[in-house]
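Worksheet for the structure shown next.
None of the figures in this text is laboratory data; all of them are computed from the coordinates on show. In this text, all values refer to a predicted model and were calculated from it rather than measured experimentally. As a convention, Cβ positions derive from the backbone with ideal geometry for all residues, glycine included, and neighbour counts pool all protein chains shown.
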Amino acid sequence: MASSPTTDTNDPQQPPFTAALTRKLILSSIEKQTKISNEAADLCGELLRLFVSEAKHLASIQAECEQESHDVNDSDKKTRIQPHHITKIGADLLMDFMMG
């Protein structure tokens, strides 16, 4: 049986949204009698992984653009994503996932 993309925690680039974690996240915000299958939890976990991955990508672009505009002479400086970078890309990120 192939490993689910949401349960492969060996990849440091991939957030570990396991089916159990995804189930906890979903069930914490809905009624207690609601159930979720393993397949649905896996798919939700994959969607979360893609969402976080895209947020990281867009926020890193935003951070690089800001760094380039402020530090023209210092190209060796490592770029760090700050909370305000995520805030700036939030609307675009949500639109990307709404439009599919």
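Give a residue-ordered list of calculated ³J(HN,Hα) values for region 34-46 (Karplus: 6.51 cos²θ - 1.76 cosθ + 1.60, θ = phi - 60°; whole Hz; x for Gly, Pro).
Each residue's phi maps through the Karplus curve to give 6, 10, 9, 6, 4, 5, 5, 5, 5, 5, 5, x, 5 Hz.
With a cut-off of at most 12 other beta carbons within 10 Å, and DSSP calling the residue loop, which trypsin sites (Lys or Arg not before Pro) in region 18-100 qualify? Please list them.
Values: sites: 23, 24, 32, 35, 49, 56, 77, 78, 80, 88; in loops: 32, 35, 77, 78, 80.
Sites meeting the loop and neighbour criteria: 32, 35, 77, 78, 80.
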